[in-house]
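Scroll down for the structure; my scribbles are underneath it.
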Amino acid sequence: MTATSTWVFRYDGFDPEKEGLREALCTLGNGYFATRGAAAESEAGKIHYPGTYLAGGYNRLKTEIAGREIENEDLVNMPNWLPLTFRINDGEWFDVTAFEILSYRQELDMKRGLLHRTIRFQDGKDRITTMENRRLVHMDNPHYAALETILTAENWSGQIEVRSALDGRVVNAGVERYKALNSRHLEPLETDEPEEDTIFLEVRTNQSKLRVAQAARTRAFKDGEALVLNRTTAREAGYIAQHFTIDVEVRDTVTIEKVIALFASGDRAISNCNLAAREALTDAPRFGELLESHVLAWEHLWRRFKINFDSSDPGKGERTDRIIHLYMFHLLQTSSMHTKDLDVGVPSRGWHGEAYRGHIFWDELYIFPLLNLRVPEVTRALLMYRYRRLNAARRAAKEAGFLGAMYPWQSGSSGREETQRLHLNPKSGRWLPDNSHLQRHINVAIAYNLWQYYQVTRDMEFLGFFGAEMLFEIARFWTSITTYNEKLDRYEILGVMGPDEYHDAYPDTEEPGLHNNAYTNVMVAWVLSRALDLFDILDEVSCKEVCEKISLDEDEKALWRQISQKMKIPFHGDGIISQFEGYDRLEEFDWDGYQKKYGDIQRLDRILEAENDTPNRYKLSKQADVLMLFYLFSSEELKEIFEKLNYPFEYQTIPKNVDYYLHRTSHGSTLSRVVHSWVLARSNRAGSWELFTKALESDVADIQGGTTPEGIHLGAMAGTADILDRGYTGIVVRNDVLWFNPVLPGEIGRLHMHIHYRGHALEIDITQARLQIKSLPCAAAPVKIGFRDRVFDLGMGQTEEFQLKP
């Protein structure tokens, strides 16, 4: 990767071993669909994987594994619209691995949402050709994508044969460990050639019956004039291609444009996707005009999302800035303004590949904060994904013997639990039971997310019609899963897993689950308190309607209040919050020994299982568990929660626990360093910055050794950017006050950004010495701003400035 503008990622030279990573990082998308950054002439294989994914485009297939039939729901690899290749005088079709490459450069222009590739090559007959390729997935009209290929014959004359295709024969083959599973999701429906320059393909998923239609128009130009071409068509089931030839002389340049329209049967404002794709392509302009409106849409997004900062080390600062741009770029390609009209969640690996099957986990915790403060309408839409699956969560709770709503750890199309019952350890080659569905804390994450959305927006309509019902039903679930310990006069939660994931049972037991995971228990106490707060927030009519709808009575409210004051939190040693009950009785782990033996020990679960051992025996964590509490809450909020539970929370509680668990964490999740950097921000700025810079490398350097090519880690990307956005600015919304408490590390001289809060567009400027908050012109009522122990009213057009150094 070569240094250039902080808005451009540049790769010089072709590296087959790194191509999968480049394709994931150079994915282009618009929130409706995304296409990996594979070359237009490439085919799926050991080097390339040109996947296209439709937001929410799922399908289920059954496979027999280890003597059991299992069903998995996958994000489907949709028909490949990219194929555009060429050959010279009946020679070999262009393949970057089969020709002598004289120069190769690939650039991802994040400011404009454009992928640009330039190759100069020589064939076996010493003919030198330059190829330039540009590609976009349109951010203004979500159904368009386009590519442009410019070919220059440097020292030869003859014919160029071009092949442009739509390929629906694709399968899901982007994740090596899934290859034992059935992977053919598409069945062909129709191929057509509706116009001389147009081809058409329609397919359908074989279980969910989702129809997807693509129409592609391919034209060629020389000296700005459209060429009249003699075309031939090749077809087979699920595939259609056009061939045509172009005569060229020495130093001639020809431009080939391919514009496509993609629609699915679930889209709004269409009769059917077949007709919609054909009509949209008829209306589509040329590449240049599409590029213009596409760039404008990106300009509007960046005005909201750009975070500017000045670094004390310009060289390192440029790299940090470039990576932050990349991570914001992929966030916006996954959850864009188009997400508002879709029934989709936020997949943990984006719409960028097939890892985790495109499922939605708890990564919203790390993603929503950036959206809340810039495009809360998108957060609202993503929360509605959860609301529409409330009945599925109710059904799951009932089947498990609980009340209320129990959301799944992994969610896809319908909201059923998609967590597989078996998973493959690639180190041992064994299929093992997967107990991760016991991570019931997904339910507190959903409650936390909707509460934070309300705090930022004060969206009373959402709260009254949707949010309160979700929060009440989640609270109801937690009361039914708790157990009252009469001896302790405390409530307990038994048989669950925490965020750590390495511990799913006690040593030497067959029964999965752990007791009194501290993170879960504290969060449940908080959820129940917030549910009770709603009775003071909602208007009388809305409150009565929700309670009548779900038959919520005063006895339940009394139980919520009691549990919120008597939940058990385990401790051990000198004020250490135990990750779960019995954690203190586990063995200490030989960190030095295993590091010497294996080097990379991020995935200790796989290493230990391959040795016929288990993490369940040791004091070690994959990622933050207890420390998640210090990530989600300010010290003031935690003190209030602990005091309400009648537990001590002292000045040293946070640093003491951070130090204890930081030394027992392998960072086996890309989310881990995000949390650890955050919780060190106030006590150890240098340590926080070091972990921040390591978190930055998660995907650009593929620090987990091969996972990023299967799909980006969107939670880690957004969470890393959010360290700048809220972590170092100290932004917290609490009790209707937007609080600031900046703690810029020494490496940042100045931080500047725009946020939206309750109808106000706020311009934030922070240096090491001062904080300035300016409300831009608007018609919103004044909002309350907090700094240290003072609260101010900030009205339209007002500016407040605070000194940070005494």
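The values are calculated or read from the model by the stated rules, or taken from the named source; none is laboratory data. None of these values were measured; they are calculated from a predicted model. Every residue, glycine as well, gets a Cβ built from its backbone with ideal geometry; the counts of neighbours run over all protein chains shown. Heavy atoms of the whole protein, side chains included, go into the accessibility calculation; ligands, DNA and RNA do not. Shrake-Rupley method; radii C 1.70, N 1.55, O 1.52, S 1.80 Å.
Side notes on the structure shown:
- Answer residue from region 571-612, given it is among the hydroxyl-bearing types (Ser, Thr, Tyr) and modelled with pLDDT of 95 or more and is farthest from residue 627 (Cα to Cα) among those: 583
- Taking the criterion of being within 34 Å of the chain's Cα centre (by Cα) and farther than 13 Å from residue 560 by Cα, the residues of region 530-542 that qualify are 537, 538, 542.
- Filter result for residue 546 (open to solvent by less than 60 Å² (accessible area, probe 1.4 Å) and not in a loop (DSSP other than H, G, I, E, B)): yes
- Flag if residue 514 is of a type outside the set (Gly, Ala, Ser) and open to solvent by 10 Å² or more (accessible area, probe 1.4 Å): no
- Where a residue in region 45-60 is basic (Lys, Arg) and its partner, wherever it lies, is part of a strand (DSSP E or B), with Cβ under 8 Å and at least six apart: 60/71; 60/72; 60/73; 60/74
- Selection count, region 85-140, where residues are in a loop (DSSP other than H, G, I, E, B) and touching a Phe, Trp or Tyr at 6+ places or on another chain (Cβ under 7 Å): 11
- Residues located in region 634-660, provided they are in contact with a strand residue (DSSP E or B) (Cβ under 9 Å, 6 or more places away or on another chain) and open to solvent by less than 10 Å² (accessible area, probe 1.4 Å): 645, 657
- Of all residues in region 1-35, those that are in a loop (DSSP other than H, G, I, E, B), within 13 Å of residue 106 (Cβ to Cβ) and open to solvent by 10 Å² or more (accessible area, probe 1.4 Å) total 5.
- Just so you know, in region 225-249 the residues that are part of a loop (DSSP other than H, G, I, E, B) and open to solvent by 60 Å² or more (accessible area, probe 1.4 Å) include one that is nearest to residue 159 (Cα to Cα), and it is 249.
- Index of the failed condition, residue 561 passing every other in (1) touching a residue at least 12 places away in the same chain (Cβ under 8 Å); (2) open to solvent by less than 40 Å² (accessible area, probe 1.4 Å); (3) out of contact with any Asp or Glu (no Cβ under 8 Å at 6 or more places or on another chain): (2)
- Test: residue 227 is in contact (Cβ under 8 Å) with a residue 24 or more places away in the chain and farther than 22 Å from residue 137 by Cβ: yes
- Residue that is nearest to residue 499 (Cα to Cα), among those in region 672-686 that are in contact with a Ser or Thr (Cβ under 9 Å, 6 or more places away or on another chain) and open to solvent by 10 Å² or more (accessible area, probe 1.4 Å): 673
- Region 382-403 - residue that is of a type in the set (Gly, Ala, Ser) and open to solvent by 10 Å² or more (accessible area, probe 1.4 Å) and, of those, farthest from residue 478 (Cα to Cα): 392
- Scanning region 431-457 for residues that are open to solvent by 20 Å² or more (accessible area, probe 1.4 Å), modelled with pLDDT of 95 or more and farther than 19 Å from residue 371 by Cβ yields one hit, 440.
- Filter result (within 31 Å of the chain's Cα centre (by Cα), aliphatic (A, V, I, L, M) and assigned to a loop (DSSP other than H, G, I, E, B)) within region 742-796: 743, 744, 776
- The sole residue among 191, 198 that is open to solvent by less than 30 Å² (accessible area, probe 1.4 Å) and either touching a residue at least 12 places away in the same chain (Cβ under 8 Å) or touching a helix residue (DSSP H, G or I) at 6+ places or on another chain (Cβ under 6 Å) (or both) is 198.
- Taken residue by residue, region 49-59 has at least one member that is more than 30 Å from residue 432 (Cα to Cα) and outside any strand (DSSP E or B).
- Cβ separations smaller than 9 Å between residues 6+ apart or across chains give the following pairs from region 23-37 residues that are under 14 Å from residue 76 (Cα atoms) to residues that are among the hydroxyl-bearing types (Ser, Thr, Tyr) and not in a strand (DSSP E or B): 32/336; 32/339; 34/27; 34/334; 35/27; 36/27; 36/49.
- Single residue of 710, 697 found to be open to solvent by less than 40 Å² (accessible area, probe 1.4 Å) and either under 30 Å from residue 622 (Cα atoms) or among the aliphatic types (A, V, I, L, M) (or both): 710
- Some residue of region 682-694 being modelled with pLDDT of 95 or more and aromatic (Phe, Trp, Tyr): yes
- The set of residues in region 139-187 that are farther than 21 Å from residue 282 by Cβ, crowded, with 17+ Cβ neighbours inside 10 Å and of a type in the set (A, V, I, L, M) comprises 139, 151, 153, 160, 162, 170, 175, 181, 186.
- Test for residue 461: is it within 15 Å of residue 567 (Cα to Cα) and open to solvent by 10 Å² or more (accessible area, probe 1.4 Å): no
- Failed item in (1) part of a strand (DSSP E or B); (2) open to solvent by less than 10 Å² (accessible area, probe 1.4 Å); (3) among the acidic types (Asp, Glu), with residue 492 passing the rest: (2)
- Complete set of residues in region 319-343 that are among the hydrophobic types (A, V, I, L, M, F, W, C) and open to solvent by 10 Å² or more (accessible area, probe 1.4 Å): 337, 342
- Scanning region 634-665 for residues that are farther than 30 Å from residue 700 by Cα, of a type outside the set (A, V, I, L, M, F, W, C) and not in a helix (DSSP H, G or I) returns 634, 646, 647, 648, 650, 651, 652.
- Summed over region 61-72, the residues that are in contact (Cβ under 8 Å) with a residue 60 or more places away in the chain and not in a loop (DSSP other than H, G, I, E, B) give a count of 7.
- For region 61-69, the count of residues that are within 24 Å of residue 239 (Cα to Cα), open to solvent by 10 Å² or more (accessible area, probe 1.4 Å) and modelled with pLDDT of 95 or more is at least one.
- Scan of region 666-684 for residues that are in contact with a helix residue (DSSP H, G or I) (Cβ under 6 Å, 6 or more places away or on another chain) and not in a loop (DSSP other than H, G, I, E, B), ordered by number: 673, 674, 675, 676, 677, 678, 679, 680
- Residue match in region 301-318 (condition: at pLDDT below 95, more than 24 Å from the chain's Cα centre (by Cα), open to solvent by 20 Å² or more (accessible area, probe 1.4 Å) and hydroxyl-bearing (Ser, Thr, Tyr)): yes
- Looking only at region 569-622, and only at residues there that are basic (Lys, Arg) and in a helix (DSSP H, G or I), the one that is least open to solvent (accessible area, probe 1.4 Å): 606
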